[in-house]
Amino acid sequence: MFSGIMICLFCSHTASLKLPPASLTTLPLVTFQHALPQAVRFGSQSSQVRGAIELLDPFGETVGLCFQTSPASDTVIGFSGSSNLLIICDISKTICGIELLSSGDTRDHVSVVRNDNAFWSQFIGKTLEELKQMPNQPYLTTAGATLTSLAMIEALNERLGEKNRTTRFPDKPTLEEIQKIFPKAMQLRPDAGDSSIMNVYDHAGIPLGWTLRTSPGADSVIGYQGPTDSLIGFDSTGTAVGFSIRKTFDNEPYVSYVRDDTSFRKYFIGQTFEELASADKERSPTEGVSGATMTSQAIAQAIIVASQSASERRQQRSFIQNIVSRAQSLNAPQWGAVLIMSIGLIIGYTRFRGHWVGRIVLPLFVLTYLGFGAGALLSQAQLWGWALHGIPQGATVLLLLSLLAVVSPATTGKNVYCNQLCAHGAAQQLLKITIPNQRLRFLTRTQKTLGPLLQHVWWFPWMLFVVCALISIFDLKFSLVDAEPFDAYLPTIAGTSAIVIFIVSLAISSLSPMAYCRYGCPTGAMLRYVRLHRRSGRITWQDAVLCGCFFVSLGVAVSSGAFT
């Protein structure tokens, strides 16, 4: 049920990404005038940067341009979501203004980055060509929101790298051209992250399929005199249903022979995208059109090359490659966190958990290093954020901690994360040891009174878990970091709600040991639920709750067109 809910959430969010981003011309001009005071109106599409809009002065002269990173950067995830940046350039394509338009990342992380003037000022004065070299430069990130700020840098680089590739055919496919393949096409939506793919819809918004253009991926494939830009259309199953030639630098009489050859056009019909992507790109798949052999073979070969390029962009690296890449990306502090997690795992499965090392030393390291040092705590904001947007590349330590937290109780019955590796749990364990309840009578009386009262709210963690799930399923505008105290371990980004819950939960836990873990933590309730025990095979009311959440998420996903 957990997996089903997450799959539905991810599919729903992916479907929403196919919608085109809002046009920059809908923004007030004052948004641009702080960077370019002379800009008074919008112009046409820029010829210098793909997808950019010109900014004009009162005399109609171009004074700059602007563009946004979405949708090319929609797949770049920060802590729990992607961000869309607005970039304003002067006439020489030098950055004179940059700001955040929108973000699906955690509110507190985004707020800190938004207010970090040093982070934004590092872009000012740099040209777009300089920004393309961003991965090789020591750019600043925001303390306490490293993943979020790093993702914004990567989003800008992705936008520049993906959308500014050199092409000899700058004009995008038009609706009329695509209607040659899909006669019922009425709406076109660029694919998020791949400018070569265009999603096609009818008048009611029902998807008909998608088209792949051979430029710029196959611009190096030369026919008799030059390259040709072609379109091949695929239906929703990935089967080729049509082919057309757009523009060419080749000898036009030869290209006209290919256009008029019905058998050549039909050659690709019925083949799947996977079949085309797996063909040998060094050899032409056809013998060619009589009288235009070189031109027709180059056009056919370009389709293979473009399909393989698109397939490579789609395919993710292997599991082993991902592990190696993530391990290589770890720095010394992150390896320190991994070491503490390993020690916690050993203590959790040995008798050391009852020793002073497991009761005092480990909680101190977990509280200071994993908690206040790294902010490595599992939360509902992280859980549902990853379900919606995917797992960020830079969250290796948090990913490892999450896997350990779920796999350990589900396979061995030992909840190592809650008992040994949760910083908030460690704080409560240290409080339990520090406060001698047996020596202070009023604490003893308070505990005897408070304990039975708290037992009446045993259902609260599950209620909070369901509320967080429904907020994510229906995409309600509520930040889940306000539901738990874990953001307080990063005081520079913590909101008021997280700090208040942090203080209140520790105050109550000082009177009733481990009170928050028992009666307030939705993440802990989830981990206790997946724990293996002798009655794990019985159907419980928690199963019914999860089934209900799953069917709700499935209904929302279906209604959003996620599975069409």
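The numbers here are math on the coordinates, done by the rules we state, and not lab data. Computed from a predicted model, the values in this text were never measured in an experiment. Every residue, glycine as well, gets a Cβ built from its backbone with ideal geometry; the counts of neighbours run over all protein chains shown.
Remark: the Cα gyration tensor places the range 325-532 in the oblate category, a/c being 1.5 or greater and a/b not exceeding b/c. Taking each residue as 0.36 nm, the span from Lys184 to Ser121 lengthens on full extension beyond its C-alpha to C-alpha distance by 17.9 nm. Which FRET efficiency, nearest 0.05, do Leu29 and Asp235 yield, Cβ-Cβ r, R0 25 Å? For R0 = 25 Å, the calculated efficiency reads 0.05. For the range 496-564, the set of chymotrypsin sites (Phe, Trp or Tyr not before Pro) satisfying both a DSSP loop assignment and a count of at most 13 other C-beta atoms within 10 Å is given as Phe563.
Could you tell me which trypsin sites (Lys or Arg not before Pro) in the range 485-539 are loop residues by DSSP with no more than 15 other beta carbons within 10 angstrom of their beta carbon? Here the trypsin sites (Lys or Arg not before Pro) that fit, given the DSSP loop and packing criteria, are Arg534, Arg535, Arg538. In plain terms, the chain is cut at each of the GluC sites (Glu not before Pro) found in a DSSP loop with at most 16 other Cβ atoms within 10 Å, and the longest leftover piece is 288-564. Taking a span of 18 Å or more along the helix axis (Cα atoms) and a mean Kyte-Doolittle hydropathy of at least 0.5 as the rule, the DSSP H helices of the chain that qualify are 2-17, 332-348, 396-412, 460-473, 496-511, 541-559.
Here the Debye sum runs over all C-alpha atoms of the range 1-154 as equal scatterers in vacuum, and log10 of I(q)/I(0) at q = 0.15, 0.16, 0.17, 0.21 Å⁻¹ comes out as -0.84, -0.94, -1.04, -1.40. Here the Karplus curve 6.51 cos²θ - 1.76 cosθ + 1.60, taken at θ = phi - 60°, turns the phi angles of the range 350-362 into couplings of 10, 6, 5, 5, x, 7, 4, 5, x, 8, 10, 5, 4 Hz, with x standing for Gly and Pro. Please give, to one decimal in nm, the separation of the simple spin-label points placed at Ser44 and Glu312, each 7 Å out from Cα toward the Cβ. Inter-label distance under the simple model: 3.5 nm.
Using 32 Å as the Cα-Cα cut-off, could you pick out the over-long pairs in Lys93/Lys247; Lys414/Lys448; Lys126/Lys477? Mind showing how you got there, number by number?
Values: Lys93/Lys247 29 Å; Lys414/Lys448 29 Å; Lys126/Lys477 35 Å.
As for pairs spanning more than 32 Å Cα to Cα, those are Lys126/Lys477.
For the range 51-143, applying the loop criterion from DSSP together with a ceiling of 13 other beta carbons within 10 Å to the chymotrypsin sites (Phe, Trp or Tyr not before Pro) yields Phe59.
Let me know the whole percent of all Cα-Cα pairs from the chain that are separated by more than 43 Å. When every Cα pair of the chain is considered, 33 percent fall beyond 43 Å. Working from label points 7 Å from Cα in the Cα-to-Cβ sense, the Arg265 to Ser3 distance is 4.6 nm. Distance between the modelled labels on Ala143 and Leu532, one decimal in nanometres: 4.4 nm (7 Å Cα→Cβ projection). Between Phe460 and Ser256, what FRET efficiency follows from the Cβ-Cβ distance if R0 is 60 Å, with the result rounded to 0.05? Step by step, r from the Cβ atoms, then E = 0.25. You can think of it this way: the chain between Thr446 and Leu175 has 90.3 nm of extra reach, that is 0.36 nm per residue less the Cα-Cα gap.
Given a Förster distance of 30 Å, report the FRET efficiency between Thr434 and Tyr349 from their Cβ-Cβ distance, rounded to the nearest 0.05. Working from the Cβ atoms, E equals 0.70.
With each run of n ≥ 4 DSSP H residues scored as -39500 (n - 2.57), what mean residue ellipticity at 222 nm is computed for the chain after dividing by its residue count and rounding to the nearest 500 deg cm²/dmol?
Values: 23 runs with 249 residues, N = 564.
Counting only the DSSP helices, I get -13500 deg cm²/dmol.
Residue separation of Arg114 and Ser102 scaled by 0.36 nm, minus their Cα-Cα distance, works out to 3.3 nm of gained length.
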